[in-house]
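Worksheet: one structure, shown below.
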Amino acid sequence: MKMDLPVYFIRHKWEKHWDGKIICDELKRQKKIAIHFTETFKEKWKDYPEADKKIRDFKLAWNNLKELSNGGLVTANYSKGCCLIGEVRKGSKIEELDSKKVRKGYKTLSLINTKPIQYSDFPILPVILPPFKTIVKLNDAKSEIVKCIYDGKGIPLKLELMIPKVQELMCAEWLRSNHCDKNFRIKYLTLGVGGTMEAIDIYGRTIYDK
């Protein structure tokens, strides 16, 4: 695999729709990824109705899907606990899914060289994936982690590959270890690490009950 490929993440999350499980199973079986914001399908963005173009999330998702059609690596989530990582061949065409079992308007790209990945084998993966995005391009650090997993390589222990939450966890573990000065050594944490508290990263009680 070319290490210079851009890396994307796509979440297929349609539990609230009648075809949610059907479409996820179908896409996974066919090794495709998809977005769905309208039941209209056009090959070019300029051909969509003006009402569709005003849907902000649709435009963002379409732009990412269009960029991905020029080639890239994708982590595709279809269900809890696992994903597929695969490549989109350069020059791929965005196509409507042809199926009478699901809603109209699914815009799809096909994957090649896919590998099923269990999150339990790579727990760092669900941690680095954006929680509320449909499809998004990952930054360099997250991309390197995905590529290492896809290529079957170990993830390098480098600070720049550790997201802030992981850095905070590492610091908390150090503060609990014998490497830390006893005056500051933590006996236990009283708040979880890696949250969004203002001005507080690690909160706990020291071995001297401070």
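The values are calculated or read from the model by the stated rules, or taken from the named source; none is laboratory data. If you're wondering where the values come from, they're calculated on a predicted model, not measured in any experiment. Neighbour counts run over all protein chains shown; Cβ positions are idealised from the backbone, glycine included. Keep in mind that these areas ignore ligands, DNA and RNA; they rest on the heavy atoms of the full protein, side chains included. Shrake-Rupley method; radii C 1.70, N 1.55, O 1.52, S 1.80 Å.
Quick look at the numbers
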| item | result |
| --- | --- |
| Search result, residues across segment 150-165 that are more than 21 Å from G194 (Cβ to Cβ) and either part of a helix (DSSP H, G or I) or touching a Phe, Trp or Tyr at 6+ places or on another chain (Cβ under 9 Å) (or both) | Y150 |
| Enumeration of residues in segment 88-141 that are open to solvent by 30 Å² or more (accessible area, probe 1.4 Å), over 13 Å from V74 (Cα atoms), of a type outside the set (S, T, N, Q) and assigned to a strand (DSSP E or B) | E95, E96 |
| Residues (under 29 Å from the mean Cα position of the chain (by Cα) and open to solvent by less than 90 Å² (accessible area, probe 1.4 Å)) located in segment 190-200 | L191, G192, V193, G194, G195, M197, I200 |
| From I200, I145, residue being assigned to a helix (DSSP H, G or I) and either under 21 Å from P123 (Cβ atoms) or of a type in the set (V, I, T) (or both) | I145 |
| Unique match (being of a type in the set (V, I, T), open to solvent by less than 50 Å² (accessible area, probe 1.4 Å) and farther than 14 Å from L84 by Cβ) among I35, I22 | I35 |
| Count of segment 171-192 residues which are of a type in the set (A, V, I, L, M) and either in a loop (DSSP other than H, G, I, E, B) or touching a Leu at 6+ places or on another chain (Cβ under 6 Å) (or both) | 2 |
| Top-ranked residue of segment 65-87 - restricted to ones that are over 17 Å from the mean Cα position of the chain (by Cα) and in contact (Cβ under 8 Å) with a residue 24 or more places away in the chain, ranked as surrounded by the fewest Cβ atoms within 10 Å (Cβ to Cβ) | K66 |
| Which listed residue is open to solvent by less than 60 Å² (accessible area, probe 1.4 Å) and assigned to a loop (DSSP other than H, G, I, E, B), from W14, W62 | W14 |
| Qualifying residue in segment 39-50 (condition: surrounded by 11 or more Cβ atoms within 10 Å (Cβ to Cβ), modelled with pLDDT of 95 or more and under 20 Å from L73 (Cα atoms)) | no |
